[in-house]
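**Student:** One structure, pasted below without further comment.
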Amino acid sequence: GKVITDKVFDSYIMSNSRLVVGLGLENLIIIETNDAILIANKDKSQDIKKIVSILNKKNFEEGRIHKKVFRPWGSYMSIAEDAGWQVKRINVKPGASLSLQKHRFRTEHWIVVSGTAKVQIENNSSILKENESTYIPLGFKHRLSNPGDIPLILIEVQSGS
């Protein structure tokens, strides 16, 4: 990932998204992910299981839920959320389709960033291309598919619980 080091010895540094800079370090493990940052002495790496146990005891969601979730159709990652709303980045594999679903307490906006989306809302189907969007009202049955040959990437904005 995005890692820069100077005078770093016998260490492992990994980054999934943000820049990690190491200066004058020795015998460390540093791992940056979308969920958390781990900094540990290499001699203590077996104690990570204890930390996960503490996360679970304190009911920290990082102990049981990852920001990036893999599904048979692709993956999604929570970008931002608060009470009553959430923003996700959804990646749908070529030829894959999400299940037909309906939400009683939330609406959704889908914005295509890359690829082609086939959108079914109730009995209507449409094709959305890059920079196009759609709105799924509360209680409407809907399905998302990728009819293309490249991954479909879209941003989903959820409003409601």
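The values are calculated or read from the model by the stated rules, or taken from the named source; none is laboratory data. All figures in this text were calculated on a predicted structure; none of them were measured in a lab. Neighbour counts run over all protein chains shown; Cβ positions are idealised from the backbone, glycine included. Heavy atoms of the whole protein, side chains included, go into the accessibility calculation; ligands, DNA and RNA do not. Shrake-Rupley method; radii C 1.70, N 1.55, O 1.52, S 1.80 Å.
**Student:** Only residues that are part of a loop (DSSP other than H, G, I, E, B), among the charged types (D, E, K, R) and closer than 18 Å to Lys67 by Cβ: list them for region 1-53, please. Spell out how you get there, then give the answer.
**Tutor:** At the first step, the residues of region 1-53 found to be part of a loop (DSSP other than H, G, I, E, B) are 1-2, 7-8, 10-11, 16-19, 24-25, 27, 33-36.
Adding the requirement that they be among the charged types (D, E, K, R) leaves 2, 7, 10, 18, 35.
Correct list: Lys2, Arg18, Asp35.
**Student:** Give the residue that is farthest from Met77 (Cα to Cα), with candidates limited to residues of region 1-14 that are β-branched (Val, Ile, Thr) and open to solvent by less than 60 Å² (accessible area, probe 1.4 Å). Break it down into steps so the answer makes sense when it comes.
**Tutor:** Filtering region 1-14 for residues β-branched (Val, Ile, Thr) gives 3-5, 8, 13.
Filter again for open to solvent by less than 60 Å² (accessible area, probe 1.4 Å), leaving 3, 8, 13.
Values: Val3: 22, Val8: 32, Ile13: 23 Å.
Only one residue tops the list, namely Val8.
**Student:** In region 119-150, what residues are within 11 Å of Gly95 (Cα to Cα) and either more than 21 Å from the chain's Cα centre (by Cα) or among the β-branched types (Val, Ile, Thr) (or both)?
**Tutor:** Pro147, Gly148, Asp149, Ile150
**Student:** Residues being open to solvent by less than 60 Å² (accessible area, probe 1.4 Å) and of a type in the set (A, V, I, L, M): count how many of those fall in region 15-51.
**Tutor:** 9
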